[in-house]
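Below is one structure, written out as structure tokens; the observations come after it.
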Amino acid sequence: MRSTPDYYSDVQLFRGRRSWVKLAVLLAVLAILPLILPGYRIFTFNYMAIFVIVGLGMNILVGDTGQVSLGHAGFLAIGAFTTVLMMTEVGAPFLLALPVGGLVTALFGFLLGLPALRLQGPYLAIVTLGFGLAVTQIIGHWELFGGHMGLVVPTATLGPISLSGDVSKYYLIVGTALVLALCARNLSVTRVGRAFRAIRDSEIAAATMGVNVAYYKTLSFALSAAFTGTGGGLLAITTGFISPGDFHFLLSLMFLAMVVFGGLGSIPGAVLGSIAMGYLNLEMDAFEELPLLGPVLESFSDGFMSSAGLPNVGWVVTGLLIVLTILIEPKGLHGLWIRLGKIVGRGGMDTDAATGALAGAGASSSSPGSASAGPGGPPAGGN
Amino acid sequence: MAFFAVEGLTKRFGGLTALDDVSFEVERATIFSVIGPNGSGKSTAFNCISGIHRPTAGSVQFDGEQISGLGPHHIARRGIARTFQNIELFGNESTIDNLMLGRHQHMTTGVWRGLAMLNGRTHAARDECENRARVQHILELLDLDAVRERPVRELPYGTQKRVELARALAMEPKLLLVDEPTAGMNAHERTELGEQLGRLRADLDLTILLIEHHLQLAMGLADQVLVLNFGKPIAQGTPEEVRRHPDVIKAYLGDG
């Protein structure tokens, strides 16, 4: 039997030197990136990092706790508008406004969690859908929120630093995403994350093990909303302008799609899925600009897919990705990764360290990390 | 007063009376078997005791406290653990994580401390380590160490049954409800599990309430036996007394 301190390796993210090296490489790449990228690309990265934050929140609710939400754009809106109003109306510094935005959104998450105690599956989906739609309607009819015209976001400052350029925002947003990924990962390997997943797998068993199901379900909604609201606050300073129309239903759908695409319940999956969907969402027309293929896709879209006469290849590709994910690999990118690992064999794939480098080992992901008593494993030599 | 006492327990589902005025008492550190044909209300009784069903009438007393009407997680916190007839494990989770969930009520890490597990000296990490050490003991006791990291849905049926029992033990209960632990096991596995249950009672000073279809096992282990038929108690006593009871013979073999 092992001595007590050794058990920490069970829940430790960065085990051994290799995973630290990978983390260092990742951090170095992320730090250098804005210095070498063309200016407009930095905005893309900021946008994708915000999607990652939302994806982490979605993963807590949908992936871990097994509750569906089609209303997360509403949380994004609440976070964005609260953060901006805290700055303009209350005069709070951005560093205070952002967490307040997250906390206010968490409160709304808690409230939306209450009906979830009695509803499941499609019924919960409809309630959350209604929530998402209602939020933007209410915001649009309220003068305080700038009505349908929206609000101009003032330049945020962090103490002496003005967040006016995309590069300074990049470090704030990507840094926040990294910290939140680490937090989400820690939560998922400890008591609260286990309770979430227990509810997903068997509510009855969880309750008879002493888990207060009502508490953890609403907590999951609140946490998920807090992540999304924080993303909303960051989105506001990224775009510089917010209006209710930005937080449409398709965005909620996109948020759900990205955790499904990434692999439900996997943090690296949520991160990758969010990056992919964030890019797609921003660069919807990138497909039409592809050489050779672009015009073909565009004419196909005009001829068969589009109802309003606008090119919608991006949306079609998004939809296709979801359908293909469900059909081919329901566990998404994360499942694909595991499958690849099995094909390539244990030797070549140090899944654990690789996921570690993404600042979030798949806690609930069961097989990949845990099985590695191999090269990257704990020096104590485990089981 | 008895350690555990059920009095006049009744459960109706619409017009069906699944449990009809059942009363019994269980002494501390004994094994109490509940037997009876299929549909006789055994599992319903367990569901009423563990709070999954709210009894229509009657009361459940445990350790000097009235627990009937409480929610399942409140009952769990008072020291009652159970297993299920149809396995209710957290299928996507590893064996160790299933057992760790059994430690839920003994652990103290909440959201904030969980989010902020920065290194091995933080509260969350210490909480994990201490409880993993305790769970390790149970893994070894029930011979599950080899499947520690495997997702439980990949395990054979008999092993899953053992994981469920281990998870219940991880709760460190005072009273353990075991619902058909040997269903689907072969003779060898069944004997082994019977021995394990007997040892648990002795080692952990555990009180066990056992539903078991295999009469030899149920009778062999039990200090007291209750026989249910169509939701009604038809006999209760030591295994010897029950075995000779004419109503029991009738219930199991028919009127003849």
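Quick notes
- Failed item in (1) away from every other protein chain (no Cβ under 14 Å); (2) hydrophobic (A, V, I, L, M, F, W, C); (3) within 27 Å of residue B:132 (Cα to Cα), with residue A:26 passing the rest: (3)
- In this entry, residue B:72 passes the filter for residues that are buried (at least 20 other Cβ atoms within 10 Å of the Cβ), at the interface with chain A (Cβ under 9 Å from one of its Cβ atoms) and either in contact with a His (Cβ under 9 Å, 6 or more places away or on another chain) or in contact (Cβ under 8 Å) with a residue 12 or more places away in the chain (or both).
- Restricting the search to helices (runs of 4 or more DSSP H) fully inside the stretch B:178-256 and requiring at least 2 residues that are more than 17 Å from residue B:37 (Cα to Cα) gives B:187-204, B:215-221, B:239-244.
- Residues (free of Cβ contacts under 8 Å to residues at least 60 places away in the same chain and of a type outside the set (Lys, Arg)) located in the stretch A:36-73: A:36, A:37, A:38, A:40
For every residue, the table says whether it meets (1) within 21 Å of residue B:76 (Cα to Cα); (2) within 14 Å of another protein chain (Cβ to nearest Cβ).
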| site | (1), (2) |
| --- | --- |
| B:22 | no, no |
| B:28 | yes, no |
| B:31 | yes, no |
| B:50 | yes, yes |
| B:55 | yes, no |
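- Of all residues making up the stretch B:55-107, the number that are assigned to a loop (DSSP other than H, G, I, E, B) and aromatic (Phe, Trp, Tyr): 2
- Number of the exception - residue B:28 against (1) out of contact with any Phe, Trp or Tyr (no Cβ under 7 Å at 6 or more places or on another chain); (2) basic (Lys, Arg); (3) farther than 22 Å from residue A:207 by Cα: (1)
- Looking across the stretch A:144-166, the residues that are more than 26 Å from the chain's Cα centre (by Cα) and part of a loop (DSSP other than H, G, I, E, B) come down to A:146, A:159, A:160.
- Within the stretch A:177-196, considering residues that are in a helix (DSSP H, G or I) and β-branched (Val, Ile, Thr), the one surrounded by the fewest Cβ atoms within 10 Å (Cβ to Cβ): A:179
- With respect to being within 14 Å of another protein chain (Cβ to nearest Cβ) and either of a type outside the set (A, V, I, L, M, F, W, C) or part of a helix (DSSP H, G or I) (or both), residue A:238 falls outside the description.
- Filtered residue count, the stretch B:7-57, keeping only those that are surrounded by 21 or more Cβ atoms within 10 Å (Cβ to Cβ), among the β-branched types (Val, Ile, Thr) and more than 21 Å from residue B:248 (Cα to Cα): 1
- Meets criteria (crowded, with 19+ Cβ neighbours inside 10 Å, within 14 Å of chain B (Cβ to nearest Cβ), assigned to a helix (DSSP H, G or I) and modelled with pLDDT under 50) for residue A:362: no
The values are calculated or read from the model by the stated rules, or taken from the named source; none is laboratory data. Because the structure is predicted, anything quoted here is derived from the model rather than measured. In this analysis, Cβ positions are derived from the backbone assuming ideal geometry, glycine residues included, and neighbour counts consider all displayed protein chains.
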